[in-house]
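S.K.: Once you've had a glance at the structure underneath, I'll fire off some questions.
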Amino acid sequence: MKKALVLLPSIVALFALPAVADDTLVKFRGGIGVIPVASGVGLAPTTTVVNRNIVRGVQPAGQIWVISALTADVKADGRIHVDGKGLLLGGGVLIGFTANASVFATLICEAVAPFIERSTNAVVGVPLQPDGDFRIDDVLVPAPPADCASPVLLIRTVAPPNNPWFAAGIPKQP
């Protein structure tokens with residue numbers, strides 16, 4: 001009887017493991033700042049036609065932004081945690097500043113259109129700190145699919161009507 005009581009906690013722990021299994025859908029490690037123009041056409045030294053850096057239907061910000069670090073974890077139920085460091089303007093009059101921007105996150109899982117934008121609160125967002133740091137703890141709406149085979153995480157500014165993106169996460173490979 002004593003042996004059974006000693007083994008009971010171990011047996012309970014083994015059966016409890018699936019209940020606490022990692023429910024992470026996708027992870028991102030590292031970030032990329034936006035360069036608004038993907039390419040240009042025209043005779044040097046000027047360009048007459050530009051192709052904007054549109055990612056899965058989302059317009060880019062109008063100016064270059066840089067980011068020094070980004071980590072994000074998205075859970076199967078849509079909970080998301082994002083830590084960003086040094087999201088700052090990379091050009092223009094306010095270079096090195098945040099322009100008092102607030103940000104939110106959008107996850108897109110589809111590799112081809114139609115794209116479904118699953119976003120955190122896009123009305124309020126979270127304000128960038130003066131050094132460009134931010135933290136998002138929220139839930140994506142709508143919830144992500146059970147499989148996110150081609151994940152893109154965009155960090156976007158609260159700037160209606162189109163809320164452009166200005167940083168992206170780098171998906172962590174399994």
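S.K.: I'd like the residue in the range 132-174 that is among the charged types (D, E, K, R) and surrounded by 14 or more Cβ atoms within 10 Å (Cβ to Cβ) and, out of all such residues, is nearest to the chain's Cα centre (by Cα).
M.R.: Ranking the candidates gives 156 first.
Table: residues versus (1) out of contact with any Phe, Trp or Tyr (no Cβ under 7 Å at 6 or more places or on another chain); (2) over 14 Å from residue 121 (Cα atoms); (3) of a type in the set (Ser, Thr, Tyr).
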| residue | (1), (2), (3) |
| --- | --- |
| 138 | yes, no, no |
| 142 | yes, no, no |
| 146 | yes, yes, no |
| 149 | yes, yes, no |
| 155 | no, no, no |
| 160 | yes, no, no |
| 163 | yes, no, no |
| 170 | no, yes, no |
| 174 | yes, yes, no |
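S.K.: For the range 125-141, name all the residues that are touching a residue at least 60 places away in the same chain (Cβ under 8 Å) and either of a type in the set (Ser, Thr, Tyr) or part of a loop (DSSP other than H, G, I, E, B) (or both).
M.R.: The answer is 132, 140.
S.K.: Looking only at the range 93-106, decide whether some residue is exposed (fewer than 13 other Cβ atoms within 10 Å of the Cβ) and at pLDDT below 95.
M.R.: Within the range 93-106 (the criterion being exposed (fewer than 13 other Cβ atoms within 10 Å of the Cβ) and at pLDDT below 95), the answer is no, since none of the residues qualifies.
S.K.: In addition: How do the strands (runs of 3 or more DSSP E) wholly within the range 34-123 filter down when requiring 3 or more residues that are farther than 18 Å from residue 151 by Cα: which remain?
M.R.: Fully inside the range 34-123 and qualifying: 37-41, 49-52.
S.K.: Name the residues in the range 24-55 that are among the β-branched types (Val, Ile, Thr) and loosely packed, with under 11 Cβ neighbours inside 10 Å, would you?
M.R.: Scanning the range 24-55 gives 41, 46, 48, 49.
S.K.: Do we have any residue at all in the range 94-103 that's of a type in the set (A, V, I, L, M), in contact with a Phe, Trp or Tyr (Cβ under 8 Å, 6 or more places away or on another chain) and within 14 Å of residue 74 (Cα to Cα)?
M.R.: No, the range 94-103 has no match at all.
The values are calculated or read from the model by the stated rules, or taken from the named source; none is laboratory data. Everything numeric in this text was worked out from a predicted model, so none of it was measured. Quick reminder, even Gly has a Cβ in these numbers, built from the backbone with ideal geometry, and neighbours come from all protein chains shown.
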